Structure formats: structure tokens, C-alpha cells
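The values are calculated or read from the model by the stated rules, or taken from the named source; none is laboratory data. Worth saying up front: this structure is predicted, and the values here are computed from it rather than measured. Here the Cβ positions follow ideal geometry from the backbone for every residue, glycine too, while neighbour counts run over all protein chains shown.
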Amino acid sequence: MVISDESKYYTVEEAEAQIQGLSDIEWARLTKLARIRARAVPDRTSEDFLQEAFLRVLEGDRRWPRGLSPDRFFAQILRSLVSDYWKGREREKQRLDVRLATEVGAGDPDDDPVDVIERHPDAAPTPEEAHHAAQTLEEFLGELDAHARDVVEWQLAGYTKAEIQSDFGLDDTAYDTITRRIRRSLAKLAVEE
């Protein structure tokens with residue numbers, strides 16, 4: 001028997017009911033996950049990220065697989081939102097570079113690029129520290145396999161070892177193996193810095 005693709009996912013209405021039915025504990029976990037992700041972005045709040053994640057689901061842009069817990073599902077969306085944000089900032093920086101080159105090159109030869117940036121304050125680059133931190137976090141998470149990435153995100157969100165093991169179906173050996181890989185990746189990252 002072939003299961004239709006549609007039956008693998010909640011409908012928008014079902015997803016809305018799932019969101020409205022979130023327990024206080026699930027809300028707290030989602031809020032923590034959003035707060036962690038928002039740290040990587042200087043001008044967005046955790047509430048911004050949660051709103052955007054919910055909108056993507058409720059507008060049908062992101063389909064929720066049946067059986068996937070809310071925190072795992074929204075953790076994926078939040079990760080994508082941060083990635084999309086930085087990709088957008090990079091595109092904006094490239095457009096700014098072109099605009100600066102055009103304005104400085106076409107205008108007065110004594111025109112200072114700083115003056116051009118002041119005329120376009122909305123296009124100013126993000127603070128270097130925030131960008132570096134976000135890149136470092138994304139590089140670190142990108143080097144991990146999916147299980148290790150999930151474990152790190154759950155640890156950062158305040159889940160206990162027992163909760164992580166239960167949510168992901170890990171026994172002590174599997175959990176310890178994953179956390180060793182995480183520590184090795186962190187040590188490697190510290191050496192590279």
C-alpha cells in the first residue's frame with residue numbers, strides 16, 4: 001500500500017490546531033530555541049523568529065510532517081530562518097557594494113564612501129561581532145551530523161539528558177557517543193580560532 005504524500009503532513013488547519021494546543025512546556029521549549037537562534041542575529045528578537053516560523057506553517061510555506069514533535073519541527077524552521085537572514089544580509093551587502101561603487105564612481109571624485117553609507121543607513125552592514133558569532137555557530141552546527149546538531153540545540157534550549165534521550169530514542173551509549181563527537185568538534189573549532 002502506498003501512502004499519499006498528503007497524508008504524511010498535517011494540513012494547514014491541523015497544524016494550526018497543533019500550534020494552538022501546545023502545552024506550557026512546549027511553549028517554553030520553543031521560546032528557548034527561538035531565543036538561542038535570535039542571539040545569532042543582531043536586529044531580530046526571538047518573538048520575531050517564532051512569529052515568522054508560525055507564519056510559514058500557517059501560510060502553507062512549510063509543511064509539518066505527522067509524528068514530528070513541535071520542538072523538533074520548529075527547531076528546523078528556526079535554523080532555516082537564521083540561515084535565510086544571513087544569506088539575505090550577504091545579498092544586501094553585495095547590492096550595497098554595487099550601489100556604493102556606482103554612487104562614488106559616478107559622483108564627485110571627492111565623494112567619501114562613508115557619506116554614501118550615511119545616505120543609506122538601512123543598508124549599513126551588520127556589526128562585525130554579531131556576524132562572526134553567527135558564522136561561528138553556523139559553521140559549528142554545519143560540521144555536525146543531524147543527530148549531534150539536534151542534541152546541541154536541545155542542550156542549549158535547556159533539555160536534560162533524559163529528555164534528549166527520550167525525544168530522540170537514544171540509549172546511554174548512543175548519547176555519550178554523540179556528545180563525544182560534539183566535544184571533539186568544539187575542540188577543533190577552538191584550535192582553529
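A few points about this structure:
Rundown of residues vs (1) buried (at least 18 other Cβ atoms within 10 Å of the Cβ); (2) at pLDDT below 90, yes/no style:
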| site | (1), (2) |
| --- | --- |
| Ala38 | yes, yes |
| Ser46 | yes, yes |
| Gln51 | no, no |
| Glu59 | no, no |
| Trp64 | yes, no |
| Ser69 | no, yes |
| Asp84 | no, yes |
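- At least 3 residues being under 17 Å from Tyr85 (Cα atoms) and free of Cβ contacts under 8 Å to residues at least 24 places away in the same chain is the threshold, and among the helices (runs of 4 or more DSSP H) wholly inside the stretch 1-70 those reaching it are 46-58.
- Subset of the stretch 175-191 that is under 13 Å from Val151 (Cα atoms) and touching a residue at least 12 places away in the same chain (Cβ under 8 Å) - its residue that is surrounded by the most Cβ atoms within 10 Å (Cβ to Cβ): Ile178
- In this structure, Gly142 does not qualify as modelled with pLDDT under 80, closer than 28 Å to Ser23 by Cβ and not aliphatic (A, V, I, L, M).
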